[in-house]
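The values are calculated or read from the model by the stated rules, or taken from the named source; none is laboratory data. Keep in mind it's a predicted model, so treat the numbers as computed, not measured. When we count neighbours, we look across all protein chains shown, and the Cβ atoms used for this are built from the backbone with ideal geometry, even at glycine.
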Amino acid sequence: MIVLDIESSGLDTGKCGIWQIGSIDLENPKNYFLQEAKIDEEDEIEKEALIITGKTESELRNPEKQTQKSLILNFLGWVKSYREKIMFGQNVGWDITFIQNKCLRYKIMDKFRETMGVRSIDLHALAQLKHKEIHNKFLINESGRSEMSLKSILNFCGLEDKRKQSIGGEISEGGTPHNALEDCKLEGECYYRIMFGKNLFPEYSKFKIPEILKK
């Protein structure tokens with residue numbers, strides 16, 4: 001299974017650009033992919049995305065970086081070499097759709113189809129099912145909508161979220177900028193804690209696994 005996370009210039013998968021792709025092979029976490037690119041001239045940039053990632057518009061449009069097409073082809077080439085091509089992540093369908101839309105733009109859907117399927121495993125669903133199993137209820141708000149954000153999942157798994165946060169459209173003052181590979185590691189660590197009650201990455205071993213998740 002492959003953990004996937006992208007960093008983009010905004011949330012609109014049809015109008016914004018991808019500037020970073022991170023991915024980890026959970027069969028062998030030492031094998032990972034991390035590359036950056038310049039977004040296209042026509043790609044829009046949302047102010048919130050710049051704050052969350054700690055980037056400027058000039059950095060996202062840096063002409064010295066590879067093109068998005070090259071970035072995506074490199075990623076698809078990396079994925080192709082692995083046996084298990086099931087994608088995993090928090091709201092990973094959004095990441096896959098973003099990449100798919102770019103493949104349509106660049107007319108490389110044949111590469112997408114031969115490498116990636118449309119099936120994936122969502123960390124959100126996995127965490128909600130585990131929460132339901134333990135507490136006999138889903139984590140939802142008063143309106144019945146899910147409250148299982150990545151921050152909530154990390155807390156559920158005994159991990160700290162030191163990243164910048166966007167809450168109700170407002171960005172937290174503290175926190176580290178988002179990074180695709182770091183998010184992949186956090187999501188992979190959550191997967192192992194939820195599924196096996198075990199630690200995966202050494203850097204997170206200092207955070208105790210909650211007793212309710214231990215096998």
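Overview of values
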{"item": "Within the stretch 162-186, tally of residues that are within 22 Å of residue 48 (Cα to Cα) and either modelled with pLDDT of 85 or more or in contact with a Ser or Thr (Cβ under 9 Å, 6 or more places away or on another chain) (or both)", "result": "15"}
{"item": "Lone unmet requirement of (1) closer than 25 Å to residue 189 by Cβ; (2) surrounded by 15 or more Cβ atoms within 10 Å (Cβ to Cβ) for residue 60", "result": "(1)"}
{"item": "Filtered residues of the stretch 89-108 (kept if assigned to a helix (DSSP H, G or I), surrounded by fewer than 17 Cβ atoms within 10 Å (Cβ to Cβ) and among the charged types (D, E, K, R))", "result": "105"}
{"item": "Residue match in the stretch 75-90 (condition: modelled with pLDDT under 95, of a type in the set (S, T, N, Q), under 26 Å from residue 29 (Cβ atoms) and more than 20 Å from the chain's Cα centre (by Cα))", "result": "yes"}
{"item": "When residues of the stretch 125-145 are limited to those that are surrounded by fewer than 20 Cβ atoms within 10 Å (Cβ to Cβ), in contact with a helix residue (DSSP H, G or I) (Cβ under 7 Å, 6 or more places away or on another chain) and free of Cβ contacts under 8 Å to residues at least 60 places away in the same chain, the one farthest from residue 18 (Cα to Cα)", "result": "138"}
{"item": "Only listed residue being surrounded by 17 or more Cβ atoms within 10 Å (Cβ to Cβ) and of a type in the set (A, V, I, L, M, F, W, C), chosen from 86, 52", "result": "52"}
{"item": "Subset of the stretch 68-81 (residues that are out of contact with any Ser or Thr (no Cβ under 9 Å at 6 or more places or on another chain) and surrounded by 14 or more Cβ atoms within 10 Å (Cβ to Cβ))", "result": "68, 69, 70, 71, 72, 73, 74"}
{"item": "Filter result (assigned to a loop (DSSP other than H, G, I, E, B) and surrounded by 21 or more Cβ atoms within 10 Å (Cβ to Cβ)) within the stretch 1-42", "result": "9, 17, 37, 39"}
